[in-house]
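Have a look at the structure below, then the notes.
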């Protein structure tokens with residue numbers, strides 16, 4: 001029993017941030033039965049001091065997670081949650097459609113495959129299938145990476161609006177490794193080449209000794225939804241083998257894009273007529 005009590009104590013005081021936990025508790029109070037709350041009401045329900053709840057509400061409102069419902073200081077959920085929800089739904093569809101093709105790409109190339117999407121001014125890895133090789137490249141699902149370094153990230157950056165690209169470059173190009181492109185003109189030339197040829201290749205830009213090939217994935221509206229990439233040790237991406245790796249990755253991307261078109265077309269057809 002003493003051991004069980006200790007385990008429960010550790011679970012309750014585990015590696016989490018109290019402030020973040022409180023902010024999430026605030027958000028979870030909003031539902032169909034209680035779409036609006038005042039500072040005082042939330043303080044009473046949560047058992048927190050009014051000043052703490054006020055600061056939490058102000059922060060969540062600033063970030064778009066809450067909005068003021070009226071002049072009486074009542075709050076309701078903001079559109080930022082809708083935006084995040086749409087990202088989740090889109091990526092669930094993407095992963096479900098792409099995974100079988102990604103698995104075959106890994107089998108045929110022997111390299112790890114990844115799906116990445118744009119999130120703000122970074123990329124996020126939303127899915128991966130690792131190679132069975134003893135020494136292999138991997139990324140963390142949910143991991144965030146700079147858009148100017150690495151093949152998959154530069155594919156995502158290349159197809160953003162030119163104004164957005166300029167804004168991201170103006171923030172500075174950090175040298176992640178000695179091979180990261182940090183010169184704005186050189187990066188823009190690289191992005192133009194990616195758009196022209198439809199694929200990207202990098203060596204050591206994000207991780208020393210690692211090479212990658214990446215291609216864009218398109219949805220039914222002709223918009224970029226993700227980058228599909230394979231990555232492995234640079235020694236595996238020889239000059240003789242590179243054309244085959246590019247071809248396999250492009251074929252897989254075309255297949256996934258076609259399946260996304262069919263998937264969304266079927267989903268739309270299943271919707272009842274108004």
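Since every read-out is calculated from the coordinates, none of them should be taken as a lab result. All figures in this text were calculated on a predicted structure; none of them were measured in a lab. Positions of Cβ are generated from backbone atoms using ideal geometry, with glycine treated the same way; all protein chains shown enter the neighbour counts.
What the table below lists for this structure:
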item: 10 Å-binned pair-distance histogram of the range 92-155 (Cα, whole percent); result: 22, 50, 27, 1
item: Over the chain: helical MRE at 222 nm, DSSP H runs n ≥ 4 each giving -39500 (n - 2.57), nearest 500; result: -16000 deg cm²/dmol
item: Between 0 and 90°, nearest 10: helix 2-12 axis offset from the chain longest Cα axis; result: 80
item: Pair residue 244, residue 141: separation of 7 Å Cα→Cβ label points (nm); result: 3.0
item: Globularity ratio of the range 154-251, using Cα Rg and 2.2 N^0.38 Å; result: 1.10
item: Segment residue 175-residue 104, extension gain: residue separation times 0.36 nm, minus the distance between their alpha carbons; result: 22.2 nm
item: Cα-based helix-to-principal-axis angle, 18-28 vs the chain, degrees rounded to 10; result: 80
item: Top of 54, 159, 145 by mean-square fluctuation, Gaussian network on the chain, Cα under 10 Å; result: 54
item: Sorted peptide list for 201-213, 248-260, criterion being average Cβ within 10 angstrom, highest first; result: 201-213, 248-260
item: Rg ratio (alpha-carbon, reference 2.2 N^0.38 Å) - the chain; result: 1.23
item: Estimated FRET transfer efficiency when R0 is 30 angstrom, pair residue 189-residue 58 (beta carbons, to 0.05); result: 0.10
item: Degrees, to the nearest 10: 50-62 long Cα axis against longest axis of the chain; result: 30
item: Selected from 135, 165, 194 as most flexible by GNM, with the chain as the system and alpha-carbon contacts under 10 Å; result: 135
item: Of 134, 103, 262, the one that fluctuates the most in a GNM where the chain has Cα springs shorter than 10 Å; result: 134
